[in-house]
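S.K.: This is the structure I have questions about; it appears just below.
The values are calculated or read from the model by the stated rules, or taken from the named source; none is laboratory data. Computed from a predicted structure; not experimentally measured. Neighbour counts are summed over all protein chains in view; Cβ atoms, including those assigned to glycine, are modelled from backbone coordinates with ideal geometry.
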Amino acid sequence: MALRDLKKRLTATVEELDDQRLQQRFTGIDLTPIAEAPTRVPIRVGGEVQRIRMVPRAGSPSIEVVVSDGTGDVIAVFTGRRSIGGVDHGRGILLEGVGVPDRGRTVIFNPAYTLLP
C-alpha cells in the first residue's frame, strides 16, 4: 500500500501534488469544493490565494483575488478598494457570497471573508 502511494508521489506532476496538498489543507471545515460550487446561490468556499491584482471596473478601483482549493479557482472581486490588509499570496482564506458565472469562471463580488493562519 505504501509503495503505491510512494510511486504516485514520485510520478505525479508538480501541479497534481499542489492540488492534492490544497485539497488536504481545506478538508474538514465544512466548505463546498470550488469545482462543485453552484452559481447564483450563497456559497461558502475556501482556498489559498494564488493571485492578487488591481483592476479598474466602471471607473472605480477593484481588487481581484484568485483563490484555489485544488479542485478549481474562484475570483473574489472587492470593489472600491485599493488594498486588503492581511490578504497575501499563499494565505488561506474563506469566502462567503453568491457565485456568478462570468466568462467561464466563477466570480464572487464583495464577499465576506475570513483569513486563515
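S.K.: Report every pair of residues separated by at least 6 positions or lying on different chains whose Cβ atoms are under 6 Å apart, first residue within the stretch 98-117 and in contact (Cβ under 8 Å) with a residue 40 or more places away in the chain and closer than 15 Å to Gly72 by Cβ, second among the polar types (S, T, N, Q) and not in a strand (DSSP E or B).
M.R.: Gly99/Thr39; Pro101/Thr39
S.K.: Identify all residues within the stretch 42-83 that are free of Cβ contacts under 8 Å to residues at least 24 places away in the same chain, assigned to a loop (DSSP other than H, G, I, E, B) and of a type outside the set (D, E, K, R); write none if there are none.
M.R.: If the condition is that a residue be free of Cβ contacts under 8 Å to residues at least 24 places away in the same chain, assigned to a loop (DSSP other than H, G, I, E, B) and of a type outside the set (D, E, K, R), then Ala58, Gly59, Gly80, Ser83 are the ones that fit.
S.K.: Among the residues of the stretch 84-108, which ones are within 14 Å of Gly47 (Cα to Cα) and assigned to a loop (DSSP other than H, G, I, E, B)?
M.R.: Val87, Asp88, His89, Gly90, Arg91
S.K.: Also, I was wondering about something else. Residues that are closer than 14 Å to Glu48 by Cβ and over 13 Å from the mean Cα position of the chain (by Cα): does the stretch 102-117 have at least one? First the steps, then the outcome.
M.R.: We begin by selecting, within the stretch 102-117, every residue closer than 14 Å to Glu48 by Cβ; these are 113-117.
After this cut, where a residue has to be over 13 Å from the mean Cα position of the chain (by Cα) as well, the list is 117.
Within the stretch 102-117 (the criterion being closer than 14 Å to Glu48 by Cβ and over 13 Å from the mean Cα position of the chain (by Cα)), the answer is yes, since at least one residue qualifies.
S.K.: Looking only at the stretch 60-117, which residues are surrounded by 18 or more Cβ atoms within 10 Å (Cβ to Cβ) and over 21 Å from Phe26 (Cα atoms)?
M.R.: Of everything in the stretch 60-117, those that are surrounded by 18 or more Cβ atoms within 10 Å (Cβ to Cβ) and over 21 Å from Phe26 (Cα atoms) turn out to be Ser62, Ile63, Val77, Phe78.
S.K.: Checking the structure you have, find out if any residue of the stretch 26-42 is at pLDDT below 90, more than 15 Å from Arg91 (Cα to Cα) and of a type in the set (Gly, Ala, Ser).
M.R.: Looking for residues that are at pLDDT below 90, more than 15 Å from Arg91 (Cα to Cα) and of a type in the set (Gly, Ala, Ser), one finds at least one in the stretch 26-42, hence yes.
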